[in-house]
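Throughout, read-outs are computed from the coordinates displayed, never taken from laboratory work. Here the structure is a predicted model, which is why all the values come from computation and not from measurement. Positions of Cβ are backbone-derived with ideal geometry, glycine not excepted, and every protein chain shown enters the neighbour counts.
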Amino acid sequence: MAPETLVLPADDPRVAESLALGWRVIAESWGARLTVTDDVLRRLAERLEVARRAGYSVDELRPDASSMESVWHLQQATRGDFPVTPATPAPEQTLPQLSDSWRTGWRVFGARHRGQLVGTTIARPAPDVDVAYAETEWTAVLAEHRGRGLATALKAASVLALAADGVRVFGTGGASTNTASLAMNAAAGYTVTERWVSLQRAAS
Ligand SMILES: CC(C)(COP(=O)(O)OP(=O)(O)OC[C@H]1O[C@@H](n2cnc3c(N)ncnc32)[C@H](O)[C@@H]1OP(=O)(O)O)[C@@H](O)C(=O)NCCC(=O)NCCS
């Protein structure tokens, strides 16, 4: 039988209670927020410009069949690099699911190098939560293009575009072992606001 899993805020009293009952922590994760200010937007515009000067085009993608296929292929090429925890699954949409999410509200941004899509970030506006709030679905850059500021530039493009549409707070999260993701979000101006633990108990 599969072990039972619980995901709780790190400061929830149930964490200590669960540990006393024999559960163990198997992973940690975090949530982060960015609040739009003029200063944030100015710095993000600079990060976007750096990537463009380095020869990348970084823009919002249109939901046409060719872009949908490219983004799905990028998801497939990078999904093994996402550190997975019970709270932070790797992206696993099929192409039809991705296309459907995109047509019904996702905002997708891409970085291209010599015409090839080499990085993507997806923002999900959350009008059900707050019209001025959006959350990152996932961000990935092909391994050979990492460490050049592309993920930060992609996040910058998404924040600038959505802020222009009235979004004021952006949320994201990831596994605590994902140092690259933490660094990327810090570089884009996010601050970690919450920590979570995943607990497991062996099935008896
Ligand atoms: C996370 C990821 C998108 C970062 O892409 P990237 O284009 O290399 O990131 P950037 O070049 O914009 O780097 C942003 C910051 O993170 C730092 N950074 C990048 N990779 C790092 C690593 N492996 N360890 C520590 N810091 C790292 C950079 O130095 C930079 O900081 P700086 O601006 O202060 O110098 C990329 O590693 C990736 O695709 N990983 C697999 C998918 C994933 O885990 N996505 C995140 C969860 S949604």
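Rounded, prolate or oblate: pick one for region 1-88, where a ≥ b ≥ c are the square roots of the eigenvalues of its C-alpha gyration tensor, a/c under 1.5 means rounded, and failing that, prolate if a/b is larger than b/c, else oblate.
oblate
Answer rounded, prolate or oblate for region 66-202, using the Cα gyration tensor with square roots of eigenvalues a ≥ b ≥ c: rounded when a/c is under 1.5, else prolate when a/b is larger than b/c, else oblate.
rounded
In region 1-90, if the dipole is taken from +1 on Lys/Arg beta carbons and -1 on Asp/Glu beta carbons about the Cα centre, which of ALA10, TRP72, ALA51 is farthest to the positive end?
Of the candidates, ALA51 comes out farthest on the positive side.
Once you have a ≥ b ≥ c as the square roots of the Cα gyration tensor eigenvalues for region 123-203, tell me rounded if a/c is under 1.5, and otherwise prolate or oblate according to whether a/b is larger than b/c.
oblate
Gaussian network model of the chain, Cα springs within a sub-10 Å range: biggest mean-square fluctuation belongs to which of THR121, THR191, THR139?
Answer for the Gaussian network model of the chain: THR191.
Looking at the chain, what % of its DSSP beta bridges pair antiparallel, to the nearest 5?
For the chain, the DSSP antiparallel bridge percentage is about 95.
Using a Förster distance of 35 Å, how high is the FRET efficiency between ARG42 and GLN97, based on the Cβ-Cβ distance and rounded to 0.05?
0.45
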